[in-house]
Amino acid sequence: MSLLTTLAPLLNLLAAVQSQAPLVPERASSVARQVDLLYYFLTAVTLFFTVVIFSLVFYFAIRYRRRSPDERPRPIFGSLRLEIFWSGVPLIVSMVMFFWGAYLFYQIRVPPKDATQLFVVGKQWMWKIQHPEGQREINTLHVPVGRPIKLTMTSEDVIHSFYVPAFRVKMDVLPGRYTELWFTATKAGEYHLFCAEYCGTKHSGMIGRVVVMEPADYETWLNGAPAGETLEEGGARLFRQFNCHTCHEAGPTARGPSLHEILGKSVRLRSGETLTVDEGYLRESILQPSAKVVAGYEPVMPTYQGQISEEGILQLIAYIKSLTRTEGTAPQP
Ligand code: CUA
């Protein structure tokens, strides 16, 4: 990007200022540097045009001021070259911003396939985190350096927003829906975790920390933290407790569709539509079973609204996912 090369001295100056008096938070994720570069670029472009425009305004005001009451300016009939120049340059600059921004947005939004999935539930006013191995944390998130982490998040009440400035990532956490956020931490240390959406009286107190550890330390932490049952085991227990198996694992005559290998599959609904089964659809089917019934089945499933917590639903999803991943090796309900 030649524009970037042109702006290199300015970027270096900003980097020097940053090292003495930080303008931006620490950079601790794989995307942080790129996000900062884009912001420096936007700032540099804005400053450049502000200076040019204001200088010209003052220069023209003085140079072409009216010098006597009867002075009449020469009429001007436009200049095609000038018009093309001042339309073309902003077009190029804004297209650079657009493609650069879109590229980065895509990087930040699409998690790598091998990312480790953790679950986050926001509520007034705390963050609840569940690791696949069963560890639970409140307002603290332990992650290893260098491993892509994907958070699947929902809220028990109002809209929150999961925000880790040092990672340059932020995502709304919504009631009744799953949102995703991913990052790869690149530097061990402790970083701020904020709620970035006003969510009631103690919104400003809905804070926590992300503890990034070297992989070996992380393993030690993982083994030391009380695990209890894993997400899948918890899901298997709930599956049994709510008698899901009586309808969903009863063979060809079952009243409900089999849940084996269902996640990621596309299914036909009674309405004739087809949809791809994802976490959101599983959640909806637990809470509002008659909303989207699979073709060939009757809407006979009762709702589990109010009987199962958001965390319980996440456990059930983890269990159903384990049926998808490796049939037969999932914990038996
Ligand atoms: Cu949760 Cu603000």
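The values are calculated or read from the model by the stated rules, or taken from the named source; none is laboratory data. Computed from a prediction, not measured in an experiment: that's the story for all the values here. Backbone-built Cβ (ideal geometry, glycine too); neighbour counts: all protein chains shown.
Overview of results
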quantity	calculated
Region 37-52 residues that are on the phi < 0 side of the Ramachandran plot and surrounded by 11 or more Cβ atoms within 10 Å (Cβ to Cβ), paired with ones that are part of a helix (DSSP H, G or I) and not small (Gly, Ala, Ser) (beta carbon under 7 Å, 6 or more apart)	LEU38/TRP100; LEU38/LEU104; TYR40/LEU11; TYR40/LEU14; LEU42/MET97; ALA44/LEU10; VAL45/VAL93
Residues satisfying the stated conditions in region 129-149, i.e. closer than 23 Å to CYS199 by Cβ, of a type outside the set (A, V, I, L, M) and away from the ligand (no atom under 12 Å from the Cβ)	GLN130, ARG136, GLU137, THR140
The lone exception for ILE159 - which of (1) within 16 Å of the ligand (Cβ to nearest atom); (2) closer than 24 Å to GLU214 by Cα; (3) not charged (D, E, K, R) it fails	(2)
Scan of region 73-109 for residues that are touching a residue at least 12 places away in the same chain (Cβ under 8 Å), of a type in the set (Val, Ile, Thr) and either more than 22 Å from ILE159 (Cβ to Cβ) or within 16 Å of the ligand (Cβ to nearest atom) (or both), ordered by number	VAL93, VAL96
Checking LYS202 against (1) of a type in the set (D, E, K, R); (2) crowded, with 17+ Cβ neighbours inside 10 Å; (3) modelled with pLDDT of 90 or more, the condition it does not meet	(2)
Subset of region 260-274 [within 12 Å of ALA295 (Cβ to Cβ) and either surrounded by 14 or more Cβ atoms within 10 Å (Cβ to Cβ) or more than 28 Å from the chain's Cα centre (by Cα) (or both)]	VAL267, ARG268, LEU269, ARG270, SER271, GLY272, GLU273
Positions within region 225-245 being surrounded by 12 or more Cβ atoms within 10 Å (Cβ to Cβ), out of contact with any strand residue (DSSP E or B) (no Cβ under 7 Å at 6 or more places or on another chain) and not small (Gly, Ala, Ser), in sequence order	GLU229, THR230, GLU232, GLU233, ARG237, LEU238, PHE239, ARG240, GLN241, PHE242, CYS244, HIS245
Segments classed as strands (runs of 3 or more DSSP E), wholly inside region 130-169, with at least 2 members that are under 16 Å from the mean Cα position of the chain (by Cα) and closer than 22 Å to SER204 by Cβ	148-155, 160-164
